[in-house]
Each structure stands twice: as C-alpha cells, then as structure tokens.
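**Student:** My questions will all concern the structure given below.
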C-alpha cells in the first residue's frame, strides 16, 4: 500500500497580533465615514493614510491597510461628494429667490448642458467691415471685444 501524505488543516482565523507584535487594525464606523469624506475631497491615498491613525499605536495606517479595510469607501467617496455638490447646485439654480440662483443656473447650463455665450457678428464681405449687433453701439461692441480679449489672456481663463 502506498503511503499517503497526511493532510493538515491551515488555520484561517485571524491572529490576535501581527508577527511583529503590533495589534491588528479594526476600523470603526467613524473611520469609514472619515475615509469616505477625505476621498470625496480628492485627497490622495498617502494623504488619507496620514490622517487615519491606528487607535492602539497612534501611528498612521499604511496604504496596504487603507486598501484592505477601506476599499469601498475609497471607491464611493468621490461619486458621493459629486452627487452632493450637484444636488446643492441644482437646488440653488432652481431657486431664483436665492442670491446666487441665477449664477448657479448659468454655470450649470454652461458646464453640464454645453451652453455658451455667443455674440452675433456680421461682416460685410466686400468691405471687410464688422457690423456690431443691433443691441449694441459700435463703441460698446468694441469695448466688449477688448474685455473678452483681455480675459482670454488671463491665466486660468476659458478661451476658445
């Protein structure tokens, strides 16, 4: 009869401490909420690690610990924050009694709906002369064009 190896069972329970004697990290509900909020603010993982402390050692957690215990919070933090901001923006945009309601509505329509402000300009093809819109005098139209040109040169301005 051939000899068979005796099968041994591997322990699957979590040990009370790491090999180096550190106590294991166990996140609380407050820790989970904190990590989700920080991820929603757009902090990098290494920054989040510095702000989450091991309750028994007082040391910041490692990125491996962050990924292991907070994968869900890291994944949903930014989308949840974006949804909250969008909800607040839309509520203000729809409430024209709010002091910034019109500004929110304009911003939303430009950024989310692709709307743009355009100035209608006609050109006399034969002479090459620009004809300003009927609602503006030539001086107003030139001043507005100069202002747009100056804004386009500012750092961070949206230029087409």
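Just so you know, all these numbers are worked out from the coordinates, no wet-lab data involved. A quick note: this is a predicted structure, and the numbers were derived from the prediction, not measured. All Cβ positions, even for glycine, are placed from backbone atoms using ideal geometry, and neighbour counts span all protein chains on display.
**Student:** Note the full-extension length gain between residue 95 and residue 54 as 0.36 nm times their separation in residues minus their Cα-Cα distance, in nm to one decimal.
**Tutor:** 10.3 nm
**Student:** Under 13 Å from the 7 Å Cα→Cβ point of residue 67, by amide nitrogen: which residues of the range 23-58?
**Tutor:** Taking a point 7 Å out along Cα→Cβ of residue 67, the residues of the range 23-58 whose backbone N falls under 13 Å are 45-46.
**Student:** Could you calculate the contour length gain from residue 102 to residue 142, that is, 0.36 nm times the residue separation minus the distance between their Cα atoms, to one decimal place in nm?
**Tutor:** 11.7 nm
**Student:** How far, in nm, would the chain grow between residue 28 and residue 127 when pulled straight, counting 0.36 nm per residue and subtracting the alpha carbon separation?
**Tutor:** 28.1 nm
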